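Novice: Handing you a structure now.
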Amino acid sequence: MSKTVLLTGASGYIAKHITLQLLEAGYHVRGSVRSLSRAAEVTEAVRPHLSDAKNLDDRLTFAALDLMSDDGWDAAMAGVDVVVHTASPFPITQPKNEDDLIRPAVDGALRALRAAHKGGVTRVILTSSTAAISGSALPAGDTSFDETNWTDPADPDTSAYTRSKTLAEQAAWDFVRETAPDMQLTVINPGFVIGAPLDDKFGTSISVIERIMRAKDPMLPNFGFPTVDVRDVAEMHVSAIENPQTYGQRIMTVDKFMKFVDLAKAIKAAFPDRNIVTRVAPDFVVRFLGLFDPAIKSITPGLGRVDRMDNARALVTLGRGMRQAHKSAVDTAAYLIDNKLV
Ligand code: NAP
């Protein structure tokens, strides 16, 4: 009999890809959405990509859950074998009050884990981020980040989002250690996730590619992220479920560090007729603009940084190489062009 996976935040960009891959792997999916009015959107996003969409309404069902409310969590666990917790706020601009991000991330992760524990679900996959690994400087003497590194949430240079992901992941590991030692937790730590979305309701990371494609900024900041393809991130979540070697592990899921200008150059090479900016702004200009724009200010601590990320564990877990990030940038751009979104 098929196993049932409760997938939180099913309306998200990454979660739609996870939904698709779970269904293709034969799981039943109970997707959580804040409002059931978003359920049909998820079903219709995955339907055209399925090899067989027969009985989809039986294989993909929904529950209304909010990270900030206890309502419905216990009922949503009935008959569930595995929880995949992806829901967490990921806004493009940081809120004035950082608790608007931190509380749903931390309390939501704990709600999901507590309800899983109460419902007897022992297999849990949690979506964290490289933000919880490489948000602070590399310790002296180290040459690359790996799963042993932790962002210091007290570091004043970290953003509210970075703190939200770090504190949520720490809370999850603490919960397992102190309250649910029989829980088999695997944490996936993706880098900046790009690649064609399944529909045009995509999140913050695709908005960055959209902004590059619109050439709204005269220059790009000397800034970037460890980057990864959304299909690899989804596959990591799904393949981890049945892989006992991943119990108790964090898995940093990245291809490589890409500056925004690297993404822009890859897109420009694929679409030479488009107006894509590939000039890099001097750091002092970005710092000056940051005095007036909080979104720009939040990236200034990372100006000029190029982090080496050791993705050996991800490669072993997937049993293959990662999709190349510059190709994922081109795929994203092609999707935006084909759907007349830029
Ligand atoms: P997304 O499209 O914005 O998805 C976020 C999901 O979380 C949405 O389903 C959203 O629901 C849900 N959510 C937010 N606040 C909620 C609340 N209070 N109650 C219930 N659900 C709530 O972002 P994404 O890029 O797919 O990110 C998914 C996960 O991956 C997040 O944990 C994020 O931190 C992590 N991640 C993302 C990236 C990246 O580059 N995209 C990189 C590393 C890690 P609504 O649709 O109702 O808002």
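Novice: Considering only the range 192-207, state which residues are part of a loop (DSSP other than H, G, I, E, B) and within 9 Å of the ligand (Cβ to nearest atom).
Specialist: P197, K201, F202, G203
Novice: Then there's this: Restricting attention to the range 208-229, which residues are within 16 Å of V330 (Cβ to Cβ), more than 11 Å from the ligand (Cβ to nearest atom) and in contact with a Phe, Trp or Tyr (Cβ under 7 Å, 6 or more places away or on another chain)?
Specialist: Across the range 208-229, the qualifying residue is only I212.
Novice: As an exercise: evaluate L6 against (1) more than 9 Å from the ligand (Cβ to nearest atom); (2) farther than 18 Å from V233 by Cα; (3) not in a helix (DSSP H, G or I) and give the number of the one condition it does not meet.
Specialist: (2)
Novice: Another question about this same structure. What single numbered condition from (1) free of Cβ contacts under 8 Å to residues at least 24 places away in the same chain; (2) loosely packed, with under 14 Cβ neighbours inside 10 Å fails to hold for P294?
Specialist: (1)
Novice: What are the residues in the range 135-190 that are in a loop (DSSP other than H, G, I, E, B), crowded, with 20+ Cβ neighbours inside 10 Å and not small (G, A, S), if any?
Specialist: N149, T151, T158, M183
Novice: Check the range 235-253 and report whether any residue there is under 25 Å from T43 (Cα atoms), modelled with pLDDT of 95 or more and within 13 Å of the ligand (Cβ to nearest atom). Give the steps one after another, and end with the answer.
Specialist: Residues of the range 235-253 under 25 Å from T43 (Cα atoms): 235-242.
With the extra rule that they be modelled with pLDDT of 95 or more, the set shrinks to 235-242.
After this cut, where a residue has to be within 13 Å of the ligand (Cβ to nearest atom) as well, the list is 236-237.
Within the range 235-253 (the criterion being under 25 Å from T43 (Cα atoms), modelled with pLDDT of 95 or more and within 13 Å of the ligand (Cβ to nearest atom)), the answer is yes, since at least one residue qualifies.
Novice: Return the total of residues in the range 76-90 being modelled with pLDDT under 95 and closer than 16 Å to L110 by Cα. First the steps, then the outcome.
Specialist: The initial filter retains those residues of the range 76-90 that are modelled with pLDDT under 95, namely 90.
Now restrict to residues that are closer than 16 Å to L110 by Cα: none.
So the answer is 0.
Novice: Return a yes/no flag: does the range 212-231 have any residue that is assigned to a helix (DSSP H, G or I), in contact (Cβ under 8 Å) with a residue 40 or more places away in the chain and within 17 Å of the chain's Cα centre (by Cα). Working first, answer last.
Specialist: The first filter runs over the range 212-231 and keeps only residues assigned to a helix (DSSP H, G or I), leaving 212-214, 230-231.
Keeping just the survivors that are in contact (Cβ under 8 Å) with a residue 40 or more places away in the chain gives 212-214, 230-231.
This time we only want the ones that are within 17 Å of the chain's Cα centre (by Cα), so: 230-231.
The answer is yes; a qualifying residue exists.
Novice: Can you work out which of the residues in the range 60-100 that are more than 13 Å from the ligand (Cβ to nearest atom), without any contact (Cβ under 8 Å) to a residue 40 or more places away in the chain and not in a loop (DSSP other than H, G, I, E, B) is surrounded by the most Cβ atoms within 10 Å (Cβ to Cβ)?
Specialist: Looking at the filtered set, the residue picked out is T61.
Novice: Among the residues of the range 122-134, write down those that are buried (at least 23 other Cβ atoms within 10 Å of the Cβ) and closer than 24 Å to A180 by Cβ.
Specialist: V124, I125, L126, T127, S128, S129, A132, I133
The values are calculated or read from the model by the stated rules, or taken from the named source; none is laboratory data. Predicted, not measured: the structure shown is a model, and the values here were computed from it. When we count neighbours, we look across all protein chains shown, and the Cβ atoms used for this are built from the backbone with ideal geometry, even at glycine.
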